[in-house]
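The values are calculated or read from the model by the stated rules, or taken from the named source; none is laboratory data. These numbers were taken from a predicted model, which means no experiment stands behind them. Cβ sites come from the backbone with ideal geometry, for glycine too, and all protein chains shown count toward neighbours.
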Amino acid sequence: MTDGTDRPQNPQPAPGAPDNGGYGYPQGQIPAGGYGYPQAGQPGGYGYPPAPGAPGAPGAPGGFGPPADGQVPPAGYGYPQPGPYQQGPYPQVPPVPGPFQPSPDEPDWNALAEGAERDRRKKRLWAVIGGATALVLLAGGGAAFLLLGDDKGSDDAKPQASGSPSASASPSPSASGSKAPDNIPTAPDDPTVLRDRAGKSPLKMGPEASAVPVDKRFEFRTTGTPNSCAESQKALIDVSKSFTVSARISNTAAKGRQIAVSQGNEKTFAFELGSDEVNGKPAWIFRVQTNKEGADSTTQTVVAEGRKMDNTMTELTATYNATDKMITLFVNGKQINEAKVPGIYKAPGPLELGRTRAQGNWAGAWAGSMDSLRIYKIALSPEQVDDQQPGKIDPSIRPVGAWLLF
C-alpha cells in the first residue's frame, strides 16, 4: 500500500551484493562517517558529525541524517522507510538492541570514574588528617607555652611584653618549682609600673627611674635624685608586727646616706635599708625609727662594715621580731648584727624604692641598681634567710610582695 504517488520501482538489493547495502545497519563494512557505535575492526567513528563537505557529512555519500534532495543513497541509513524500498526477496528486520558492549579499544569509563572518586576520597581524608594534626600541634604548643609561662605561685600574673625598654627582652630564667616564669618586670598595660610577682602591690616608677635588662634578669636603676624612685599606693608592712625585707642592691658610689628600701609617712621613715657612713666609712645599714617625732636621737641602727659595696650586687635582708623586739641585718644570707629596740614607730605610708623620708623631706636618694625585692609578714629565722635564693621564692614561705625576680 502506498500514498498514491508513483515511485520508481527499485527493488532492495539482495544482502551481500557487492557495493550495495540494505536498510537498517549496513551489512558488511560500515561506510566512513556513519553513526552509531563502531564495530570492532571497522572504520567509522561515533559522536559529533563531520564537518560539511567532509566524507560522511550530510549531503555526502554514506552520511547520516536525512538524505539530500530526498534521495536515498545506495547504502541506506536508519530504519527502513515506508514504500517500495521494503520490497525484496529478503526483507531484513532491524536487530533488537542488546546490552551495550564497548569496543575493546574504548576506555572503561565506569572504572575511571570509580578511580577518580577513590582519589577524591583519599585527598579529603588526608586533608582531614592534616588539619587534625595541625590542631594537635597548635594545642600542644599552646599547652607548652602555658606550662613554661607561669611560675610556682598561682597569683603571679602573665603580662605581655610592652614597648618600653624594660620589656624589650624576655629571657626565661628559672624559679622555684619546675616551671620557668617569664620575668618581664613591668605591668602589661603600663611600662612605668613594676609588677608584683607575689601579690597585688605594683610599684609606680618615678620619671627618672627605669627597669633595664641585664643578662637574664632585669634591674631597677636609679640616678641619685628624688624623682628616681618607685612607690606603692599604700603601706605594705605593719611595722608594729614582725616583718622581713630583702633586696639585692649595688651602689655606683657609696657616699653618704643612700637608702634602697624604706617605708614611712609624710614626716619620717619607719624603717630604711641601704648604706650610710659609719665611723667615717661606708657601711650597709638597717635603721628603724622608734618615736613619732622622727628625731635622729630616737633611731636605732645595725650595720655591716668593711664590705665591698661599689658596683657589687649584695643581698641585704633585714628582720624585725616583734616578740623579742629585735632587729637583725643579714648580708648575702649570713647574720651580721642585731640590736634590741623599744619598738618601731608605726608610720603607715607607702613603700619606697630609692629614697627615704626624714624631717618632712625626701632624703637618701639611691644611686645604683637593685633586683630580687621581697617582703614577708614574718621575721625569717637565720636558717630561712640563709636558704633564700636570690631572685626566687621559697614555696614554703610566701612573700606578700615580690618585684624584679629572675
Hey, can you tell me all the residues within region 373-400 that are among the hydroxyl-bearing types (Ser, Thr, Tyr) and closer than 18 Å to Asp324 by Cα? Tyr376, Ser381
Some residue of region 180-193 being in a strand (DSSP E or B), surrounded by 21 or more Cβ atoms within 10 Å (Cβ to Cβ) and of a type in the set (A, V, I, L, M): no
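Tell me whether region 229-240 contains one or more residues that are more than 20 Å from Asp371 (Cβ to Cβ), assigned by TED's automatic domain parsing to the domain that holds Ile397 and either crowded, with 17+ Cβ neighbours inside 10 Å or in contact with a Phe, Trp or Tyr (Cβ under 8 Å, 6 or more places away or on another chain) (or both).
Restricting attention to region 229-240, the residues satisfying the condition of being more than 20 Å from Asp371 (Cβ to Cβ) are 233-235, 238-240.
When the remaining residues are screened for being assigned by TED's automatic domain parsing to the domain that holds Ile397, the result is 233-235, 238-240.
Next, only the ones that are either crowded, with 17+ Cβ neighbours inside 10 Å or in contact with a Phe, Trp or Tyr (Cβ under 8 Å, 6 or more places away or on another chain) (or both) stay: 235, 239.
Within region 229-240 (the criterion being more than 20 Å from Asp371 (Cβ to Cβ), assigned by TED's automatic domain parsing to the domain that holds Ile397 and either crowded, with 17+ Cβ neighbours inside 10 Å or in contact with a Phe, Trp or Tyr (Cβ under 8 Å, 6 or more places away or on another chain) (or both)), the answer is yes, since at least one residue qualifies.
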Tally, over region 324-354, of residues that are assigned to a loop (DSSP other than H, G, I, E, B) and under 18 Å from Gly256 (Cβ atoms): 1
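Which residue out of Asn251, Asn265, Asn332 is assigned by TED's automatic domain parsing to the domain that holds Ala198, in contact (Cβ under 8 Å) with a residue 12 or more places away in the chain and either over 26 Å from Lys204 (Cα atoms) or exposed (fewer than 15 other Cβ atoms within 10 Å of the Cβ) (or both)? Give the steps one after another, and end with the answer.
Details: Asn251 fails: either over 26 Å from Lys204 (Cα atoms) or exposed (fewer than 15 other Cβ atoms within 10 Å of the Cβ) (or both); Asn265 fails: either over 26 Å from Lys204 (Cα atoms) or exposed (fewer than 15 other Cβ atoms within 10 Å of the Cβ) (or both).
From the options Asn251, Asn265, Asn332, the qualifying one is Asn332.
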Can you tell me which condition Glu208 does not meet? The list is (1) surrounded by fewer than 17 Cβ atoms within 10 Å (Cβ to Cβ); (2) in a strand (DSSP E or B); (3) free of Cβ contacts under 8 Å to residues at least 24 places away in the same chain, and all the others hold. (2)
Tally of residues being surrounded by 21 or more Cβ atoms within 10 Å (Cβ to Cβ) and assigned to a strand (DSSP E or B) across region 360-372: 5
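Basic (Lys, Arg), surrounded by fewer than 16 Cβ atoms within 10 Å (Cβ to Cβ), in contact with a strand residue (DSSP E or B) (Cβ under 8 Å, 6 or more places away or on another chain) and under 20 Å from Pro382 (Cβ atoms): does that describe Lys325?
yes
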On the basis of being touching a residue at least 24 places away in the same chain (Cβ under 8 Å), part of a strand (DSSP E or B) and basic (Lys, Arg), does Arg357 make the cut? yes
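Got at least one residue in region 374-392 being at positive phi and at pLDDT 95 or above? Outline the logic, then answer.
Residues of region 374-392 that are at positive phi, as a first pass: 391.
If we keep only those that are at pLDDT 95 or above too, we end up with none.
Looking for residues that are at positive phi and at pLDDT 95 or above, one finds none in region 374-392, hence no.
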